[in-house]
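Every read-out reported here was derived from the displayed coordinates using simple, explicitly stated rules and does not represent laboratory data. Small disclaimer: the values here were computed from a predicted structure and weren't measured. Every residue, glycine as well, gets a Cβ built from its backbone with ideal geometry; the counts of neighbours run over all protein chains shown.
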Amino acid sequence: MTPADFVDKLSSVRLPNVFNPYRDICNVHDRAEGPSIRAENLRQLIEASLKTGVETMWVGRDLGYLGGRRTGIALTDELRLATYSSYFGELNLRKATKGVAIGERTATVTWEMLQRIRQPVFLWNAFPLHPHDAGNPFTNRCHTRAERQACKPLLIELIGLLKPKTVVAIGNDAEAAMLDMGINTVRVRHPSYGGKADFISGLNRIYGLKPQPRAQHELSL
């Protein structure tokens, strides 16, 4: 299976009250070619990860409406597209929406750590799409087990393609979802709701990093 094959399969998924950023267009925020831009962003990242040989995959719960719904990239908002492009060697990751770039708090903390680690990491989610409340697409809800199971074969194929040595689950929900699918992970706390310090210390332990002075990484979440 090629990266393009994987993205094509993911683009074909359709579920109720779920936005698939690789096939669906947001009539409020997207450019006309938004879905194809996000699909190409993901294809480039998988291709670059294969060439680089990423050893670690970080897995969140699902895409958020301020982050991956807009970019097509897990744990990455529009403010970090250029950073992710340079992270793998000047990729051409593009913004798929109209107007100013939007940031997301979880993406901010995630990318602070990625820039400290300075080694290739592939970002993904236990459920790779954006689940939202019925009738309100600009909300975040936890995906259901049935939704996750519908996409499980894709996750298995992606892990088989990238062959990461370590899968890091970000938060209890992500860990539980991965274990439910039979995938072993190392868990770190999710940075939201006062969890940033534990998130950072957990990744420090995994990567053998020295703690930074507290004042340098405090962020109100």
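Take 108-119, 133-144 and order them by the average number of nearby Cβ atoms within 10 Å per residue, most first; the result is 108-119, 133-144.
Once the Cβ-Cβ distance between Asn92 and Lys165 is put in as r, and R0 is 25 Å, what FRET efficiency do you end up with, to the nearest 0.05? Plugging the Cβ-Cβ distance into 1/(1 + (r/R0)^6) gives 0.35. Taking θ as phi - 60° and the Karplus parameters 6.51, -1.76 and 1.60, the scalar couplings of the stretch 45-51 work out to 5, 5, 4, 5, 5, 5, 5 Hz in sequence order, x denoting glycine and proline.
Summing Lys and Arg as +1 and Asp and Glu as -1 over all other residues whose Cβ lies under 14 Å from the Cβ of Phe138 gives a net charge of -1. Protection proxy ranking of 44-55, 121-132, 170-181, 154-165, by the mean of other Cβ atoms within 10 Å over each peptide's residues and highest first, is 121-132, 170-181, 44-55, 154-165. Bridging of Lys196 to lysines at a Cα separation below 23 Å is possible for Lys210, once same-chain residues fewer than 8 apart are set aside.
Checking (1) 33, 21, 19; (2) 31, 27, 12; (3) 24, 19, 19 against the coordinates, the calculated semi-axes √(5λ) of the Cα gyration tensor in Å falls under label (3).
Once you reduce the stretch 180-210 and the stretch 122-161 to the center of their Cα atoms, the two points are 20 Å from each other. Taking each residue as 0.36 nm, the span from Arg31 to Met181 lengthens on full extension beyond its C-alpha to C-alpha distance by 50.5 nm. Close amide H pairs (under 5 Å, H built 1.01 Å from N) link Val168 with Met57, Trp58, Val59, Val186, residues at least 5 positions away or on another chain. Taking every C-alpha pair closer than 8 Å and separated by at least 6 residues, the mean separation divided by the residue count of the chain gives a relative contact order of 22 percent.
For the chain, the longest principal axis of the C-alpha atoms and the axis of helix 105-117 are separated by about 50°.
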